[in-house]
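The structure under discussion appears below in the form of structure tokens.
The values are calculated or read from the model by the stated rules, or taken from the named source; none is laboratory data. Here the structure is a predicted model, which is why all the values come from computation and not from measurement. Note that we place each Cβ from the backbone using ideal geometry, even for glycine, and neighbour counts take in every protein chain shown. To get the accessible areas, we keep the full protein, side chains included, count just its heavy atoms, and leave off ligands, DNA and RNA. Shrake-Rupley method; radii C 1.70, N 1.55, O 1.52, S 1.80 Å.
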Amino acid sequence: MNRQGLISVAQLARYVKSLLEEQRQLKDLLVRGEICDLYYRSASGHLYFSLREGDSLLRCVMFSRYAGQLRQWPQEGSAAVVRGTVTLYERDGSFQLIAYDIQTLGKGSQKETLEELKKRLYQEGLFDSARKKPLPPMPKTVGIITAPEGAALQDLISTFRRINPMVRLILYPATVQGDQAPRSVMRALDQMEAEGICESCVIARGGGSSDDLSAFNDEALARRAAACGVPLVSAVGHEVDYTILDFVADARAATPTAACQLMTGSVSLVREEVLRRQQRIEETFRAKLELIRRRRERLALLLSQNSPRNELKKNRQTLEYLIKSMQDTQQRRMERLRDATLSVLARLELVNPAALLLRGYSITWQEDRLLRHASDVAPGQLLRTKLSDGEVFSAVTAVRLLPEEKNHGSNDGQNGIK
């Protein structure tokens, strides 16, 4: 190699830059195209964007002193005419346009096409939330469709391992940028569904320009994603990036990391949920046990109140009361009979001949006839007289009648007693 022709990269970059800037035809140009990849850096005030026409792309930068003078701020996808000068950015070795002014012309053809596709798919119902499938809260197996060498895969793996290492991850490699990306992603979807292992799936790609993410605005991919039988999460780009895939997927995550949090609960959350469910189960069983205990007490009380033993006890008490009542009645009756008997005995005692005999009276018989009147005997008759301590036998010598007997007749109560 000729050492005279050997130059460094920095020398070559400066040389090419000087060649571009020396060309008058490349100064103060008016370039027409469709604005994409619009980005405003607030710290510096610089505006970065690209101009697209078909497959051609021109990087542009508008420094803050010119961006602050814009009458109308450009919009992503709008057609515009940009005035500027062509140069080379030495650090990246990239060809770019330093813009001085931007005149917007309305919507660009690419944006119009994208808007028409969105409208058509929306009218067909592919964006309806009613047709979208719910994500399983705790899937055992999750499919990942992304580039094997991309940072998105590493983010997904590390985040899943951090928040829930029990989830099984299956990679379905796919190209996620360029013209072949839609077909590659659809093949990965076909393989994932054919295996029937995954309970949910995520299509992931890191951030990038709108051109980098354009593969996920493909109509065929959108329809295939909408028809997917496995709950599907779109995790393409950053939070500000939206693609058609985001609208047709069952859920959209702002980043691949956010997709992990959306698709599965963390181990700590699972543990907390298990503890909450365990507490609810314990409270439910405690409530049921308390209800059973109260019911048992009510049944025990009811059984006690209606127990034959209690009836027997009541009947025994009633019987004892009746026996006691009968005994009391009988006792009172016996006492009354005793009192009546004693009264009769007392009265009998008053008329008891033996008692009269003890008081000095006697009873006389003439043969077997009780003498009641003196006139009933005649002299010479034999008499038998009973005294308190024995009997006396005598013969009548004379009979003397009292004057009252003569005048008034016999006195039955005194005759026969001498």
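Cβ-Cβ distances below 6 Å connect the following pairs, each with a first residue in the range 113-125 that is under 15 Å from Ser78 (Cα atoms), a second residue that is among the polar types (S, T, N, Q) and surrounded by 10 or more Cβ atoms within 10 Å (Cβ to Cβ), and a separation of six or more residues or different chains: Leu114/Asn217. Here the range 170-198 is the region considered, the condition is being surrounded by fewer than 18 Cβ atoms within 10 Å (Cβ to Cβ) and in contact with a strand residue (DSSP E or B) (Cβ under 6 Å, 6 or more places away or on another chain), and the residue that is nearest to Pro231 (Cα to Cα) is Ile197.
Residue-wise test of (1) over 16 Å from Glu90 (Cα atoms); (2) in contact with a Pro (Cβ under 9 Å, 6 or more places away or on another chain); (3) at pLDDT 90 or above.
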site	(1), (2), (3)
Gln4	yes, no, no
Ala10	no, no, no
Leu19	no, no, no
Lys27	yes, no, no
Ile35	yes, yes, no
Ser44	yes, no, no
Leu57	yes, no, no
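If only one of Ser78, Ser94, Ser42, Ser50 is within 60 Å of the chain's Cα centre (by Cα), surrounded by fewer than 18 Cβ atoms within 10 Å (Cβ to Cβ), within 26 Å of His238 (Cβ to Cβ) and of a type in the set (S, T, N, Q), which one is it? Of the residues listed, the single one that is within 60 Å of the chain's Cα centre (by Cα), surrounded by fewer than 18 Cβ atoms within 10 Å (Cβ to Cβ), within 26 Å of His238 (Cβ to Cβ) and of a type in the set (S, T, N, Q) is Ser42.
Yes/no matrix, rows are residues, columns are (1) more than 30 Å from Pro137 (Cα to Cα); (2) in contact with a helix residue (DSSP H, G or I) (Cβ under 8 Å, 6 or more places away or on another chain); (3) touching a residue at least 24 places away in the same chain (Cβ under 8 Å); (4) not polar (S, T, N, Q):
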{"residue": "Lys313", "(1), (2), (3), (4)": "yes, no, no, yes"}
{"residue": "Lys324", "(1), (2), (3), (4)": "yes, no, no, yes"}
{"residue": "Ala355", "(1), (2), (3), (4)": "yes, yes, no, yes"}
{"residue": "Thr364", "(1), (2), (3), (4)": "yes, no, yes, no"}
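Identification of helices (runs of 4 or more DSSP H) wholly contained in the range 244-315 with 1 or more residues that are loosely packed, with under 10 Cβ neighbours inside 10 Å yields 267-305. For the range 196-215, a tally of residues being in contact (Cβ under 8 Å) with a residue 12 or more places away in the chain and more than 20 Å from Thr255 (Cβ to Cβ) returns 3. Taking the conditions (1) open to solvent by 10 Å² or more (accessible area, probe 1.4 Å); (2) at pLDDT below 90; (3) within 37 Å of the chain's Cα centre (by Cα) in turn, Ser214 satisfies each one other than (3). In the range 368-385, the residues that are without any contact (Cβ under 8 Å) to a residue 12 or more places away in the chain form Cβ pairs under 9 Å with partners that are of a type outside the set (S, T, N, Q), at six or more places apart or across chains, as follows: Arg369/Asp376.
Return yes when Asp28 is among the acidic types (Asp, Glu) and farther than 12 Å from Glu76 by Cβ and no when it is not. Yes; evaluated as a whole, the condition is true for this residue.
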